1. Could you run the Karplus curve 6.51 cos²θ - 1.76 cosθ + 1.60 with θ = phi - 60° over the stretch A:468-480 and give me ³J(HN,Hα) per residue in whole Hz, x for Gly and Pro?
2. Can you run phi through the Karplus equation (6.51, -1.76, 1.60; θ = phi - 60°) for the stretch B:36-48 and list ³J(HN,Hα) in whole Hz, with x for Gly and Pro?
3. Using Cα pairs closer than 8 Å and at least 6 residues apart in sequence, work out the relative contact order for chain B, in percent.
4. State whether chain A is rounded, prolate or oblate according to the following rule on the C-alpha gyration tensor (a ≥ b ≥ c being the square roots of its eigenvalues): a/c under 1.5 gives rounded; otherwise a/b larger than b/c gives prolate, and the remaining case gives oblate.
5. Count, for each residue of A:447-456, the Cβ atoms from other chains sitting within 10 Å of its Cβ, then give me the mean as a whole number.
6. Suppose every K and R has +1 on its Cβ and every D and E has -1 on its Cβ; what is the size of the dipole of the protein assembly as shown about the Cα centre, in Debye to the nearest 20?
7. Sorting A:281, A:113, B:98 on the 10 Å Cβ count, fewest up front, what's the list?
8. If you average the sequence gap of Cα pairs under 8 Å that are 6 or more apart and divide by the length of the stretch A:114-370, what percent do you get for the contact order?
Amino acid sequence: MNAPNPSGWRPSIGIDSSEEIAVKTASGDRGLALEESLIFELGATGKCGVDFDPPSAEPLPGLAKFLRAAPLDLPGLTEPETVRHYTRLSRQNYAIDLGPFPLGSCTMKHNPRLNEKVARMPGFGDIHPLQPRRTVSGAYEAIAQLADWLLALTGMASIALSPKAGAHGELCGLLCIRAALEARGDPREVVLVPESAHGTNPATAAFAGYRVENIPATPEGRVDLAALKARLGPDVAGVMITNPNTCGLFEPDMKIISQVVHEAGGFVYCDGANFNAIVGRVRPGDLGIDAMHINLHKTFSTPHGGGGPGSGPVVLSVALAPFAPLPMVRRDATGVARLIEESDATGTGHDSFGRMAAFHGQMGMFTRALTYILSHGADGLRQVAEDAVLNANYVLRSLEDVLDAPFAASGPCMHEALFSDFGLAEGFSTIDIAKGLIDEGFHPMTVYFPLVVHGAMLVEPTETESKAGLDRFIASLRSLAERGRAGDEALKSAPHFAPRRRLDETQAARKPVLVWKAEG
Amino acid sequence: MSRYFTKEHEWIEVAGDIGTVGISDYAQGQLGDITFVELPAVGAEFKQGDAAAVVDSVKAASDIYVPVAGSITEINAALEDQPELVNTAPDAGGWLFRVKLADAGELSGLMDETAYKAYVAEL
């Protein structure tokens, strides 16, 4: 990252564990490594950081019965105390703005600052869903432009923008499938989910009222087409497939899968969480898919939590388009973007299954995603997919000699590299490698998922990382793999350099402490 | 009394027409520390291979399938406070539930201990 200091001198950094024992501070802080108490331990109850008028002695008429009998016991902090509390806590956290975040299937890419600038423009940032429509025509146009791009990139017929996250989008897609089946008088009961699909898929199908059945994976980590064909029948409403799948592989049989599902009268739902690997290269519509959600907070660089909520627009095939949820933004015959709240005179929205949300979706995420799309352009988006796949393959091939890569022989991976804990010393597992990565200054990868791989480690570097950055990550992971193979006991107790040592996750799950209580 | 095993790593020990069901030592080792066990209601009826219970570990939540059809006569209430019994005594105190067999003939499709050991050795 930085050029070497020509003099060769640099101050020593980091916390030496022997020094840690020798030097104690009165505050518990260690220089810039700041310790922090719970907020309940900081502020005295009864203290208040705001200058309120004293409460009137008499409650308003009729409200006396709602008076609290016991004090609320909220901590009282001044504004600087409050700001320092959360800022100190944030310094103990890890973020995409601090370093690589290789969580597989999460697509933790850089969130460009240009997105933030555009989202804060008053015409986008300061509007309200209930203000007069003629005052927000620009916002409708931005929504329609985002819709145009997403439809062009996916090759699909229609889009529902209101779902607020990936799983919400999955539910939207399944409710469209349910509505389409009911409209033709053919309600069905079963949704098939391959083992290589995302964990939310079976949960979504069950929530939508379907019985879930598994389809096994082949030894190569792909959908077992023969098993799928054998299970299809008049009771199968559809199939939920993740493509590229959670083994990091593209499903080359996708067109055949769509064909056989359609021939059996079912629909194909594609989990689009891994769209980053194929954006600009493959149009899901060309693969026969009927519905797919797009995580704007993955492929289209809007923040994961913290900086903003998720957003999960769903693209739909011709067969499912009439059932999309209201409200929707559509261009009229003259190309002007308009909001449709109820079915209109042209019949648009007449067969809608209902609403997913009160309003039209996450406007702040729409503007960020559209900014990302427009600043990259079609060629830039294609390069996103190419670089994401290239980076993952670089990680896979750089480490397959020290980490078991169960599907390395299945060909190039897509945007994530999958390893197992096979080959580590007795008693060492994936969790030790993950905790070791914290000491190395990286967020751990996704662990123990997908379930079809023993001790899975799913690494998604994204296109954000440079080759130099990837080389640093690979060197760290290689070192950890070698320590794990050699049975280095120090790895069993990692992390050593985090604000806390290794937590007892078993005890935390068995006997969770969910509420803080004052001692004594 | 005889003990049978499934390919999904449940065991069932049969006495008369009552079978006691648990998971194998191999299964608990693979799952890691068990944090929670969700058991069926007494009286619930299951077909062979139905998911009847869920075992949560630090790594995953796993369905437990009924080795043979029948109705639940008893559950291991101790697991509510001590799910770790499934780790420490999978073959005994960590049993999950008891089932009244609907068709003892279904046992013939299961593995005996020798066959199960050979099956696990292949994994």
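What follows is calculated from the coordinates using simple rules that are stated; it is not laboratory data. Predicted model only: the values in this text are computed from it and were never measured. Cβ coordinates were reconstructed from backbone atoms using ideal geometry, including for glycine residues, and neighbour counts include every protein chain displayed.
1. 4, x, 5, 4, 5, 4, 4, 4, 5, 5, 4, 4, 5
2. Listing the rounded values in order: 6, 10, 9, 10, x, 7, 4, x, 5, 10, 9, 8, 4 Hz.
3. Reported relative contact order: 30 percent.
4. oblate
5. 2
6. Here the size comes out at about 1980 debye.
7. Fewest-to-most Cβ neighbours within 10 Å comes out as A:113, A:281, B:98.
8. For the stretch A:114-370, the relative contact order is 28 percent.
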